[in-house]
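Undergrad: Input: one structure, supplied below.
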Amino acid sequence: MAGSMQPDALRSALTDGGEFALLDVRERGEYARGHLFLAINLPLSHLELRLRRYVPRRTVRVIICDDGSGLSERAGRVLESAGYTDVFVIVGGAPACAAAGMEMYRAHYAVTYAFGLYVDRHYRPPAITPQSLQAKRASGEELVVLDARPIWDFHDASIPWAIDVPLAELPYRIRDVAPDPKTQVIITCGAVARGVLGGRTLIEAGVENPVAVLTNGVRGWELAGYESQHGVRRSAGPSSREAIDWAHAAAQHVKNHYGVTFIAGQTLQRWRADDTRTLYVIDVRTREEYEAGHLHDAIWVLGGELIGLYEDHIGTWNARVCLVDDDTSRAIVTASWLLRMGWPDVVVLEGGIHEHELVTGPEVQDVPELDNAHHIPRIDAQALANRIAKDATLVLDVAASSQYESGHVPGAWWTIRARLPALIHKLPAAQQYIVTSEEGRLALLTALDLRQLTATPVAVLAGGTNAWREGGFALVNGMTRALGEIDDNLAELNVRAGDDRTTALAARRRMLKWQEELLDKLERDDTFSFPPLP
């Protein structure tokens with residue numbers, strides 16, 4: 001049974017220098033309305049699917065937070081069933097922590113947003129306003145705009161004529177995208193963090209080109225009244241040998257200046273065998289490079305994402321982090337920023353992937369709980385379509401509300417998995433429940449829950465809603481049937497697909513205000529501060 005932890009004991013746990021995983025198991029919307037600074041959002045609904053990647057060591061100290069509603073106790077049982085042995089539930093959850101004087105943070109990615117603002121305040125990289133950028137472009141001045149986010153974020157919204165070059169890739173590709181040292185390089189992102197870090201990365205690499213950061217990125221561009229592009233994929237091509245050699249030389253300067261440490265393969269082997277410390281082996285190259293060959297235990301996180309959004313990837317603070325690439329230049333850039341963020345034990349594998357046995361293909365995630373679902377009946381898309389036509393079944397969709405809204409099986413009800421015990425009685429009577437999610441894994445776990453909650457037969461849509469879509473069957477848009485509160489995101493601060501311009505700009509202004517207050521809040525926080533920057 002999970003132990004209990006009072007807020008005062010939590011304050012000590014966050015500052016004693018030991019490893020901990022602070023998991024907030026509420027839905028994204030609830031979490032975003034107020035959470036502890038270092039809390040990783042791992043909703044109970046998805047816990048089994050992400051737990052072992054975020055928290056790989058079963059004996060690490062795991063601290064669970066909710067709103068005092070009992071989600072933490074349920075999550076504790078999941079953790080204990082998975083073999084975690086040092087689990088604590090915060091008594092009273094986030095409200096009790098706030099009452100004890102601990103700072104609460106709104107929205108997602110507070111740590112990495114705050115770090116970008118902290119870096120900007122300290123280094124003051126050259127900035128350019130959207131108006132100045134537009135004027136330079138209109139006058140025909142020689143410049144290139146590089147977006148430091150991954151291509152999937154770039155695809156959502158980008159500056160016209162920008163090229164996607166993710167943060168840690170910038171030194172690796174700059175010689176090819178801006179070969180003339182007179183060309184001005186403008187770095188942007190969605191808002192602040194990755195743009196500032198990307199601009200500073202190029203300056204530290206010693207690039208000759210003048211570098212400036214677009215003020216508030218795509219958000220600032222739109223607030224200035226300019227149109228962004230949507231659905232565009234425009235990225236830099238493969239790096240030339242000359243560009244790679246330049247990046248490698250630049251990385252050695254960064255390594256020496258910021259004290260980036262290398263370890264040999266033998267040390268990595270010893271660390272793998274040490275069950276008293278958490279180890280993340282992280283390959284920071286592109287997805288294509290990773291899948292062509294990587295270390296057997298390496299997870300894939302694009303280098304810039306590990307700096308800019310580590311909260312989406314690793315959950316144990318103060319863990320050992322070993323970064324891997326091919327020639328070490330991208331790993332060095334990533335390590336230099338993680339060290340400055342406050343990760344105390346970050347190293348780069350000497351020689352990268354070379355002279356190590358490699359495996360190919362995508363990252364394999366360990367979810368033993370799915371093995372318990374082998375007996376759950378599967379139904380294919382055509383059979384489900386036939387049953388819907390006969391009105392013989394009820395489809396339950398447990399994907400994200402945004403995914404359901406953008407397209408779901410006709411007649412499907414949307415709900416949140418973790419809330420089913422309280423809501424199951426509100427579902428209409430049916431001969432059978434068919435559960436779906438985007439690709440089907442969450443649906444399988446939900447089906448296991450349902451079998452404990454109802455005598456109605458339960459099955460899943462094989463391949464999830466993706467299979468329905470790929471089979472050419474019609475989808476319905478909108479939140480047509482919702483079971484329970486739609487609270488798995490914070491719409492107040494986010495721009496949603498389909499928002500009109502006025503609504504989207506208002507959300508961006510609210511986000512800008514949140515961003516402006518973030519560092520002041522962190523200065524009042526007695527549980528964390530970023531290290532002094534050199």
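Readers should treat all values here as calculations from the given coordinates under stated rules, not as data from a laboratory. This is a predicted model, so every value here is computed, not measured. Here Cβ is always computed from backbone atoms with ideal geometry, including for glycine, and neighbour counts include all displayed protein chains.
Undergrad: May I ask for the angle, rounded to the nearest 10°, between helix 71-81 and the longest principal axis of the chain, with both axes built from Cα atoms and the value confined to 0 to 90°?
TA: Helix 71-81 sits roughly 90 degrees off the main axis of the chain.
Undergrad: Mind checking which aspartates and glutamates have their Cα closer than 15 Å to the Cα of Lys521? Skip sequence neighbours fewer than 8 apart in that chain.
TA: Glu103
Undergrad: Another question about this same structure. Please list, in order, the residues from segment 140-164 whose amide nitrogen is less than 17 Å from a point placed 7 Å along the Cα→Cβ vector of Ala224.
TA: Answer for this model: 140-148, 158-163.
Undergrad: Mind checking which aspartates and glutamates have their C-alpha under 14 Å from Lys255, skipping anything on the same chain fewer than 8 residues away?
TA: The qualifying aspartates and glutamates are Glu204, Asp327, Glu350.
Undergrad: Using 0.36 nm per residue of separation minus the Cα-Cα distance, give me the extension gain between Ser240 and Ala392 in nm, one decimal.
TA: 48.8 nm
Undergrad: Here's a follow-up. Contour minus end-to-end for Val91 and Trp161, with contour as 0.36 nm per residue of separation and end-to-end as the Cα-Cα distance?
TA: 20.0 nm
Undergrad: Here's another thing I want to ask about it. Using 1/(1 + (r/R0)^6) with R0 = 22 angstrom and r between the beta carbons of Gln365 and Gln403, what's the FRET efficiency to the nearest 0.05?
TA: 0.70
Undergrad: With only alpha-carbon atoms counted, please give the Rg and Dmax of segment 1-92, in Å.
TA: 11.8, 31
Undergrad: Compute the whole-percent fraction of alpha carbon pairs in segment 359-512 spaced more than 21 Å apart.
TA: 49 percent
Undergrad: If you don't mind, there's one more thing I want to ask. For Lys136, go through the lysines and keep the ones whose alpha-carbon is under 24 Å away, minus same-chain ones fewer than eight residues off.
TA: Qualifying lysines at Cα under 24 Å: Lys182.
Undergrad: State whether segment 53-118 is rounded, prolate or oblate according to the following rule on the C-alpha gyration tensor (a ≥ b ≥ c being the square roots of its eigenvalues): a/c under 1.5 gives rounded; otherwise a/b larger than b/c gives prolate, and the remaining case gives oblate.
TA: Cα axes put segment 53-118 in the oblate bin.
Undergrad: Can you work out ³J(HN,Hα) from phi for every residue in segment 268-282, in order, using Karplus 6.51 cos²θ - 1.76 cosθ + 1.60 and θ = phi - 60°, giving whole Hz and x for Gly and Pro?
TA: After applying 6.51 cos²θ - 1.76 cosθ + 1.60, I find 4, 4, 5, 5, 4, 8, 8, 8, 9, 10, 7, 10, 10, 9, 10 Hz.
Undergrad: For a footprinting-style exposure proxy, rank Val395, Val213, Val91 by other Cβ within 10 Å, fewest first.
TA: Ascending Cβ contact count within 10 Å gives the list Val91, Val395, Val213.
Undergrad: Answer rounded, prolate or oblate for segment 252-349, using the Cα gyration tensor with square roots of eigenvalues a ≥ b ≥ c: rounded when a/c is under 1.5, else prolate when a/b is larger than b/c, else oblate.
TA: Rounded shape, in that the Cα axes give a/c under 1.5.
Undergrad: Now a separate question. Considering only C-alpha atoms, what is the centroid distance from segment 408-487 to segment 307-356, in Å?
TA: Spelled out, the Cα-based centre of one part sits 39 Å from the other.
Undergrad: Please give the residues of segment 23-44, grouped as numeric ranges, whose backbone N is less than 17 Å from a label point set 7 Å along the Cα-to-Cβ vector of Thr15.
TA: Inside the label zone: 36-39.
Undergrad: Using modelled amide H (1.01 Å from N, peptide plane; none on Pro or chain starts), what sits under 5 Å from the amide H of Ala127, excluding residues fewer than 5 places away?
TA: Those qualifying (amide H under 5 Å, at least 5 residues apart or on another chain) are Val213.
Undergrad: Compute the distance from the alpha-carbon center of segment 15-88 to that of segment 367-396, in whole Å.
TA: Here the answer is 30 Å between Cα centres.
Undergrad: Each label point is 7 Å from the Cα along the Cα-to-Cβ direction; what then is the distance between the points at Val476 and Ala292, in nm?
TA: A separation of 4.6 nm, rounded to one decimal place.
Undergrad: Is segment 114-249 rounded, prolate or oblate when judged by the Cα gyration tensor, a ≥ b ≥ c being the square roots of its eigenvalues, rounded requiring a/c under 1.5 and prolate requiring a/b larger than b/c?
TA: rounded
Undergrad: Once both labels are modelled 7 Å past Cα along the beta-carbon direction, what's the Ala455-Phe530 spacing in nm?
TA: Simple spin-label model gives 6.0 nm for this pair.
Undergrad: In debye, nearest 20, what is the charge dipole magnitude of the chain about its Cα centre with +1 on Lys and Arg Cβ and -1 on Asp and Glu Cβ, if you could check?
TA: Here the chain has a charge dipole of around 800 debye.
Undergrad: Provide the per-residue ³J(HN,Hα) series for segment 179-184, in order, calculated from phi with Karplus coefficients 6.51, -1.76, 1.60 and θ = phi - 60°, each as a whole number of Hz, with x at glycine and proline positions.
TA: x, 7, x, 7, 5, 6
Undergrad: For the chain, what is the calculated [θ] at 222 nm in deg cm²/dmol (nearest 500), taking -39500 (n - 2.57) for each run of four or more DSSP H residues and dividing by its residue count?
TA: -11500 deg cm²/dmol
Undergrad: If you don't mind, another one. FRET efficiency for His248 and Glu517, Cβ-Cβ distance as r, R0 = 45 Å, nearest 0.05?
TA: The pair His248/Glu517 has a calculated efficiency of 0.65.
Undergrad: Here's a follow-up. Would you mind calculating the gained length between Arg233 and Thr502 on full extension (0.36 nm times residue separation, minus the Cα-Cα distance), in nm to one decimal?
TA: That works out to 94.3 nm of additional length.
Undergrad: Another question, if that's okay. Test of understanding: ordering Tyr123, Tyr113 by Cβ neighbours within 10 Å, fewest first, what list do you get?
TA: Tyr123, Tyr113
Undergrad: Ile263 versus Ser4, label points 7 Å from Cα toward the beta carbon: distance in nm?
TA: Placing both labels 7 Å beyond Cα along the Cβ direction yields 3.9 nm.
Undergrad: If you bin the C-alpha pair distances of the chain every 10 Å from 0, what whole percents do you get?
TA: Calculated over all Cα pairs of the chain, the distribution is 4, 17, 26, 27, 19, 7, 1, 0 percent.
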